[in-house]
């Protein structure tokens, strides 16, 4: 490893002929936000959950009615969770 001068101080470099130390290439983390496939997965999970909850509330058990919508959602939480997970996987793949 070679040492180089950066901003008036001597710092260890990395690699041969690297113009700046590694810390100059590191981007500061202002806030951790998922991006790429991870962000697509979480977005797909959120949209899948919203869609499945709306479908269960509006069209559950063969009738379009608000009566008992909360009870239908509670009874069908497994299918809602599975739909949300599949939505996340599909969104990550499509990305």
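Only the coordinates and a few stated rules stand behind these numbers; no lab work does. Here the structure is a predicted model, which means the values were calculated and not measured. All Cβ positions, even for glycine, are placed from backbone atoms using ideal geometry, and neighbour counts span all protein chains on display.
Quick look at the values:
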{"quantity": "Spin-label model distance (nm) - residue 54 vs residue 74, 7 Å beyond Cα toward Cβ", "calculated": "2.4"}
{"quantity": "Residue 35 versus residue 89: modelled label distance in nm, points set 7 Å from Cα along the beta carbon direction", "calculated": "2.8"}
{"quantity": "Full-stretch length increase - residue 67, residue 81 - with 0.36 nm per residue and alpha-carbon distance subtracted", "calculated": "2.8 nm"}
